[in-house]
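The structure appears below as structure tokens.
The values are calculated or read from the model by the stated rules, or taken from the named source; none is laboratory data. Just so we're clear, the structure is a prediction, and the values are computed from it rather than from any experiment. These area figures cover heavy atoms from the full protein model, side chains too; ligands, DNA and RNA do not enter into them. Shrake-Rupley method; radii C 1.70, N 1.55, O 1.52, S 1.80 Å.
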Amino acid sequence: MMKTKEEILREGYSALIGSLGATDAIRFLQHFRSGQGDYTKERRQWLDNKSLMEVWEEMEQVSNEPK
């Protein structure tokens, strides 16, 4: 039987607290925030007019930038 969302969350929090302790579990969770907007719609706006080669070239430019 498939677990409910609530069961998964409860077990996940329990595992996290069991592994890290309450304080560090809270510190870990503070690194995650809910996003906003519609990723699929936004992605289409910036990708639909580009070829695969253009996307690849942009990715290579970013990966070659000094860090």
Probe 1.4 Å, heavy atoms of protein chains only: per residue, the accessible area of the chain in Å² is 101
Counting only protein heavy atoms with a 1.4 Å probe and every protein chain in place, the carbon and sulfur fraction of the accessible surface of the chain in whole percent equals 55
